[in-house]
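These notes concern the structure reproduced below.
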Amino acid sequence: MIKLQENSTQQNQSPIPDGPREPEWLQTIWGILRPIDYLETMHRRYGDIFLTPKFAGLPPQLVTSNPQAIQQIFTTDPQQFICGSGNRLIQPLVGDNSLILLDGDRHLKQRKLLMPPFHGERMQAYGKLISEIAHQVIGRLKMGETFIARSLMQEISLNVILRSVFGLQEGELYQQIQEVLTAMLNSFDSPISAALLFLKPLQVDLGSWSPWGNFLRQREKLDQLLYQEIHRRQTQLDHLGEDILSLLLTVRDEQGQPMTDVELRDELMTMLFAGHETTATALAWALYWIHYIPEVKDKLLTELNSIDITNVDPMEIARLPYLSAICSETLRIYPIAFFPLARITQAPMELIGYHIPAGTILAPCIYLTHHRPDIYPEPNRFRPERFLERQFSPYEYLPFGGGNRRCLGMAFALFEMKVVLATVLSEYSFTLTQKRPLKPVRRGITFVPSGGVHLSVVDS
Ligand code: HEM
C-alpha cells in the first residue's frame, strides 16, 4: 500500500490519508467498470485526499476533491508537472503531436495559436451556423418519432466541428469523415470495450474482427481522409477561409517552417476527439434533465419565449440566465470527464501540508468536488437555481479543468450548448419515452447517459 508522508514542518495537520487496500488489479477493474462506486467508496473511507496505486501502467494518483489542494495544483508553476506522458492513454487517438500530449514551451506556443478561433468575435461568428445546423438536423424528425438524443446531438456537434474547424462543406468527404469517425469512436462504446484504451495488453491487432484491429483499421481510413483534405487545402493557399485548418496551414515556426502533415493531422484529430463527443454528451444530459424535471422545462420555456429566436443575436442567447444555469448544473452533476488531464510531479513538492514525491499524478476529482455537500447542498439533486444564488470558485466548479491546461474549447462548447438548446426547444416539443433516472456510463475516458436519452417529438 502507498502512503503519503506528512510534511514534518507543518503543525496541526489531519492524519495522513490511507490508500485503498484492495489489490491493484481489482482497483483497476473497479475504477473502469464502476467508477462512481469506486470514487464514492474511497471518498467515504479516506476523505477528500487519498492516494490510489498504479493504474493502467500509470504512476500512483493523488485523488483530491479539496478545493484548497485543487487551487494549489491549478496555480502551481506548470513547469513543475509533466502532462504529456501522463496522458498517453489517448495517444492512439490523437497522435504524439496533439496539444494534449505536449509540454513546456511547445504546449504554450501551440495553445496560443489554437486559442483565438475558440473565443470572441471569431467564435460568435459561428452562432448562426450552429443554429442552422441544429435546425437542419432536428428538422428531419417527424411528429411522434422517437430518437436517441446523444446520437442526434453528436451529429450536430460533429457538423459544427467539421464546418468550423475543418472548413468543410457538406459533400462526399464530409460524409465519409462523419461515418468513419463515428465507427472509430464506437470502438470504445461500452465500459468493457473502453478497457481497450486503459489496458495495453488488450491492444493487439488480431485482424479486422478483433476490437483493437477494428479500431486501427478505422483510424487508418480516417487518416487517409484527413491527409487527403490537408493536401487538397495545401494546393489552395490563396483561397483560405476563416476555419481553424486554414489558420494552421499559414503558421510558420521560428525557422519559417510550416506545420508538418503529421502535426496538422494530430491537431485536427485532437479537436475532433476533444470537441465533438464531449459537447454532444453535455447536450444529451441537458435535454434529459430539462425533460425529467417539469419545473425546469417550464422555467426555461418562459425564458426562451421572452426572445425572438429567429432574429436574436446568438450572444443574447448565451447570456440568458436560466439557460446558462441549466448548462452549468448539467456539467456539475455528471461532469463529462471525471478528471482533468493528469499532472505528474517532476520533483517532490508540498501540497496542503503533505510531502508529495516526484512521479505522482495529481488528480483533482471533478466528480467528487462537484458532489461536496458543503459546497453544493443536496448534491444529487438537479437544481439550476444554485448557480443563480451564488458564484463558485474555479476550484469548486471545474467541469473544464483549470490552470494552464483548462479546456481550450470551453467558451465554444458552452456557446454551442446554449445556441443548440435554445434553437431546438423554441421550435420543437419533446417528451422522455422512459421516465426513469439515468446514470452515467463510461465511454472511453468520458461519461455518457446510459442508453443515450430516448426522446420523442410531441405536439407543443
Ligand atoms: C462540454 C464540452 C467539453 C468538456 C466538458 C471538456 C472538458 C475538458 C477537460 C476536463 C479538459 C482537461 C483540462 C485540464 O486538464 O485542466 C479539456 C481539455 C481540452 N479540451 Fe475540452 N471539453 C469540452 C469541449 C471541448 C471543445 C469543443 C474543444 C475544441 C474543439 C475542446 C478542446 C480541448 C483541448 C484541445 C484540450 C487540451 C488543452 C491543453 O492541453 O492545453 N474541448 N476539456
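The values are calculated or read from the model by the stated rules, or taken from the named source; none is laboratory data. Since we're looking at a predicted model, the values are computed, not measured. All Cβ positions, even for glycine, are placed from backbone atoms using ideal geometry, and neighbour counts span all protein chains on display. Protein only, heavy atoms only, side chains kept; ligands, DNA and RNA dropped before computing areas. Shrake-Rupley method; radii C 1.70, N 1.55, O 1.52, S 1.80 Å.
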Restricted to segment 39-56 and to residues being touching a strand residue (DSSP E or B) at 6+ places or on another chain (Cβ under 6 Å) and within 16 Å of Thr345 (Cβ to Cβ), the residue modelled with the highest pLDDT is Ile49
Of Ile230, Ile138, the only residue that is modelled with pLDDT of 90 or more, of a type outside the set (D, E, K, R) and closer than 18 Å to Leu272 by Cβ is Ile230
Taking the criterion of being in contact with a strand residue (DSSP E or B) (Cβ under 9 Å, 6 or more places away or on another chain), in contact (Cβ under 8 Å) with a residue 40 or more places away in the chain and either farther than 22 Å from Glu242 by Cα or within 16 Å of the ligand (Cβ to nearest atom) (or both), would at least one residue in segment 89-107 satisfy it? yes
Would you confirm whether any residue within segment 349-357 is in contact with a strand residue (DSSP E or B) (Cβ under 7 Å, 6 or more places away or on another chain), under 28 Å from Arg111 (Cβ atoms) and within 16 Å of the ligand (Cβ to nearest atom)? no
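Among the residues of segment 433-458, write down those that are outside any strand (DSSP E or B) and touching a Gly at 6+ places or on another chain (Cβ under 9 Å).
Quick first cut of segment 433-458, residues outside any strand (DSSP E or B) only: 433-439, 444-445, 450-453.
Once the filter is applied, which keeps residues that are outside any strand (DSSP E or B) and touching a Gly at 6+ places or on another chain (Cβ under 9 Å), segment 433-458 yields Gln434, Leu438.
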When Lys112 is run through (1) within 12 Å of the ligand (Cβ to nearest atom); (2) in contact with a helix residue (DSSP H, G or I) (Cβ under 6 Å, 6 or more places away or on another chain), the failure sits at (2)
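A quick yes/no check of all residues on (1) aromatic (Phe, Trp, Tyr); (2) open to solvent by 10 Å² or more (accessible area, probe 1.4 Å); (3) under 25 Å from the mean Cα position of the chain (by Cα):
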| residue | (1), (2), (3) |
| --- | --- |
| Ile290 | no, no, yes |
| Thr302 | no, yes, no |
| Ala318 | no, yes, yes |
| Pro348 | no, yes, no |
| Ile361 | no, no, yes |
Qualifying position, being within 12 Å of the ligand (Cβ to nearest atom), open to solvent by 20 Å² or more (accessible area, probe 1.4 Å) and either without any contact (Cβ under 8 Å) to a residue 40 or more places away in the chain or not hydrophobic (A, V, I, L, M, F, W, C) (or both), among Lys439, Lys435, Lys418: Lys418
Tell me, please, whether a residue that is within 16 Å of the ligand (Cβ to nearest atom), surrounded by 13 or more Cβ atoms within 10 Å (Cβ to Cβ) and more than 17 Å from Ile326 (Cα to Cα) can be found in segment 374-386. no
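Taking segment 308-327 only, how many residues are away from the ligand (no atom under 11 Å from the Cβ) and outside any loop (DSSP other than H, G, I, E, B)? Before you say what the answer is, go through the steps one by one.
If we filter segment 308-327 for residues that are away from the ligand (no atom under 11 Å from the Cβ), which is where we start, we get 308-326.
After this cut, where a residue has to be outside any loop (DSSP other than H, G, I, E, B) as well, the list is 314-318, 321-326.
Matching residues across segment 308-327 total 11.
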Between residues in segment 260-283 that are within 21 Å of Glu155 (Cβ to Cβ) and residues that are part of a loop (DSSP other than H, G, I, E, B) and of a type in the set (A, V, I, L, M, F, W, C), which pairs lie under 6 Å by C-beta distance while being six or more apart or on different chains? Met271/Val165; Thr278/Ile336; Thr281/Ile336; Ala282/Ile336
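Among the residues of segment 333-342, write down those that are open to solvent by less than 10 Å² (accessible area, probe 1.4 Å) and within 11 Å of the ligand (Cβ to nearest atom). Before the answer, list the steps.
First pass over segment 333-342, keeping only residues open to solvent by less than 10 Å² (accessible area, probe 1.4 Å): 333, 335, 338.
If the condition is that a residue be open to solvent by less than 10 Å² (accessible area, probe 1.4 Å) and within 11 Å of the ligand (Cβ to nearest atom), then Pro335, Phe338 are the ones that fit.
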Residue by residue through segment 166-184, note down the ones that are more than 17 Å from the chain's Cα centre (by Cα) and of a type in the set (A, V, I, L, M, F, W, C). Phe166, Leu168, Leu173, Ile177, Val180, Ala183, Met184
The one condition in (1) at pLDDT 95 or above; (2) of a type in the set (Asp, Glu); (3) open to solvent by 30 Å² or more (accessible area, probe 1.4 Å) that Asp308 fails to fulfil: (1)
Within the set of pairs 6+ apart or on separate chains, which have a first residue in segment 36-53 that is free of Cβ contacts under 8 Å to residues at least 60 places away in the same chain and closer than 16 Å to Pro373 by Cα, a second that is outside any strand (DSSP E or B) and among the polar types (S, T, N, Q), and C-beta atoms under 9 Å apart? Gly47/Ser14; Gly47/Ser65; Gly47/Asn66
Select from segment 257-288 the residues that are open to solvent by 40 Å² or more (accessible area, probe 1.4 Å) and more than 20 Å from Arg442 (Cβ to Cβ) and list them in ascending order. Gln257, Pro258, Thr260, Asp261, Val262, Glu263
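In segment 88-103, how many are in a loop (DSSP other than H, G, I, E, B) and crowded, with 16+ Cβ neighbours inside 10 Å? Reasoning before the result, please.
From segment 88-103, those in a loop (DSSP other than H, G, I, E, B) are 95-98, 102-103; that's our starting set.
This time we only want the ones that are crowded, with 16+ Cβ neighbours inside 10 Å, so: 95, 97-98, 102-103.
Counting residues in segment 88-103 that are in a loop (DSSP other than H, G, I, E, B) and crowded, with 16+ Cβ neighbours inside 10 Å gives 5.
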Within segment 104-153, count every residue that is surrounded by fewer than 17 Cβ atoms within 10 Å (Cβ to Cβ), part of a loop (DSSP other than H, G, I, E, B) and of a type outside the set (A, V, I, L, M). 5
Checked segment 121-149 for anything under 21 Å from the mean Cα position of the chain (by Cα) and either free of Cβ contacts under 8 Å to residues at least 24 places away in the same chain or within 13 Å of the ligand (Cβ to nearest atom) (or both); matches are Met123, Tyr126, Ile130
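So, Leu51, is that one away from the ligand (no atom under 12 Å from the Cβ) and touching a Leu at 6+ places or on another chain (Cβ under 6 Å) or not? Walk me through it before giving the result.
Working: away from the ligand (no atom under 12 Å from the Cβ): yes; touching a Leu at 6+ places or on another chain (Cβ under 6 Å): yes.
In short, yes.
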Residue set Leu301, Leu362; condition in contact with a Leu (Cβ under 9 Å, 6 or more places away or on another chain) and assigned to a strand (DSSP E or B); output residue Leu362
